[in-house]
Amino acid sequence: MVFDVGEADFDERVIARSREVPVVVDFWAGWCAPCRALGPALERAATAREGKVDLAKLDVDQNQGLAQAFRVQGIPAVKAFRNGRIADEFTGAIPPAEVERFFDLLVPSDEQLAADAAIESGDEDVLRRALDADPRNARVATALARILLARGDNDEALALVEPFEQDFIAAGLAARARLATAEDAPETAFEAWDRGDHVTALEELQSAFGDADEDRRDDLRRV
């Protein structure tokens with residue numbers, strides 16, 4: 001549910017309601033361009049979880065007392081209430097993917113629950129179906145890439161994780177895949193890594209690629 005809220009009904013529609021479901025409050029103003037950019041992403045996330053979380057939109061110009069009470073120093077300011085208290089918050093216009101992650105910490109979406117189940121299963125076919133259903137899910141992509149790397153399907157693993165290299169884990173797996181496809185890649189290093197002997201693995205990789213070009217050294221640092 002998405003609704004406007006003010007000082008007259010804040011206690012009822014936010015504080016009291018948050019004892020039933022989480023309530024996310026968007027502190028915004030009409031003149032604020034970042035607020036207008038963030039608003040649709042917040043509304044999409046709340047609507048996708050209809051009945052499990054509410055989104056209350058509070059105009060700070062019209063409700064300055066509430067803005068001061070909750071120490072809003074910049075907008076957009078987003079605060080999630082649970083059981084009458086602030087459970088999480090952020091300030092500024094963050095990307096839609098980050099908005100989804102923020103809501104997932106409060107109430108996982110059906111897609112997130114399916115992804116979690118696929119990752120927990122460790123089954124390649126289940127992971128592939130989950131990634132087909134949610135191609136932007138980095139966690140599913142990295143879980144599937146681990147399976148592919150373990151059996152030597154480095155090119156396919158690299159293709160899976162390259163779009164997610166802003167993710168630390170995906171970047172590390174992409175670096176490993178690139179190193180593994182190099183002609184002089186020491187297979188014993190990756191075998192050592194897979195059995196948990198990271199010291200030996202890194203020593204062998206350093207020996208093999210220590211004098212390599214800058215791109216190769218970047219990959220080595222990410223593994």
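The values are calculated or read from the model by the stated rules, or taken from the named source; none is laboratory data. This one's a predicted model, so the numbers in the text were calculated from it and none came from an experiment. Glycine gets a Cβ as well: all are built from the backbone with ideal geometry, and neighbour counts include every protein chain shown. Accessible surface is based on the protein model in full, side chains and every heavy atom, while ligands, DNA and RNA are left aside. Shrake-Rupley method; radii C 1.70, N 1.55, O 1.52, S 1.80 Å.
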Restricting region 45-62 to residues that are assigned to a loop (DSSP other than H, G, I, E, B) and of a type in the set (Val, Ile, Thr), which is nearest to Gly30 (Cα to Cα)? Val60
Taking into account only those residues within region 36-75 that are over 16 Å from Phe10 (Cα atoms) and of a type in the set (S, T, N, Q), which is most open to solvent (accessible area, probe 1.4 Å)? Gln73
Members of region 125-154 found to be of a type in the set (Asp, Glu) and surrounded by 13 or more Cβ atoms within 10 Å (Cβ to Cβ), listed by number: Asp134, Asp153
Do we find a residue being of a type in the set (Gly, Ala, Ser), touching a helix residue (DSSP H, G or I) at 6+ places or on another chain (Cβ under 7 Å) and within 30 Å of Gln166 (Cα to Cα) anywhere in region 47-64? no
Being farther than 30 Å from Ala33 by Cα and in a loop (DSSP other than H, G, I, E, B) is the filter; apply it to region 89-124 and report the residue that is least open to solvent (accessible area, probe 1.4 Å). Gly122
Hits in region 1-44 - residues which are of a type in the set (A, V, I, L, M, F, W, C) and either free of Cβ contacts under 8 Å to residues at least 12 places away in the same chain or assigned to a loop (DSSP other than H, G, I, E, B) (or both): Met1, Val5, Ala8, Val21, Ala29, Trp31, Cys32, Ala33
Only one of Ala114, Ala118 is farther than 30 Å from Ser18 by Cα and small (Gly, Ala, Ser); which? Ala118
Which ones in region 17-35 are closer than 16 Å to Val107 by Cα and open to solvent by 10 Å² or more (accessible area, probe 1.4 Å)? Arg17, Arg19, Glu20, Val21, Pro22
Return yes or no: is Arg36 touching a helix residue (DSSP H, G or I) at 6+ places or on another chain (Cβ under 9 Å), farther than 18 Å from Arg85 by Cα and of a type in the set (D, E, K, R)? no
Just to be sure, is Ala157 within 30 Å of Glu50 (Cα to Cα), out of contact with any Cys (no Cβ under 7 Å at 6 or more places or on another chain) and either of a type in the set (A, V, I, L, M) or touching a residue at least 12 places away in the same chain (Cβ under 8 Å) (or both)? no
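Okay, residues lined up against (1) within 27 Å of Gln112 (Cβ to Cβ); (2) basic (Lys, Arg); (3) out of contact with any Lys or Arg (no Cβ under 7 Å at 6 or more places or on another chain):
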{"site": "Gly6", "(1), (2), (3)": "no, no, yes"}
{"site": "Val14", "(1), (2), (3)": "yes, no, yes"}
{"site": "Ala33", "(1), (2), (3)": "no, no, yes"}
{"site": "Ala56", "(1), (2), (3)": "yes, no, no"}
{"site": "Gly65", "(1), (2), (3)": "no, no, yes"}
{"site": "Gln68", "(1), (2), (3)": "no, no, yes"}
{"site": "Glu89", "(1), (2), (3)": "yes, no, no"}
Have a look at Thr47, Thr91 and point out the one that is within 21 Å of the chain's Cα centre (by Cα) and over 30 Å from Leu131 (Cα atoms). Thr91
Considering Ala171, Ala180, which residue is modelled with pLDDT under 85, more than 24 Å from Ala117 (Cα to Cα) and hydrophobic (A, V, I, L, M, F, W, C)? Ala180
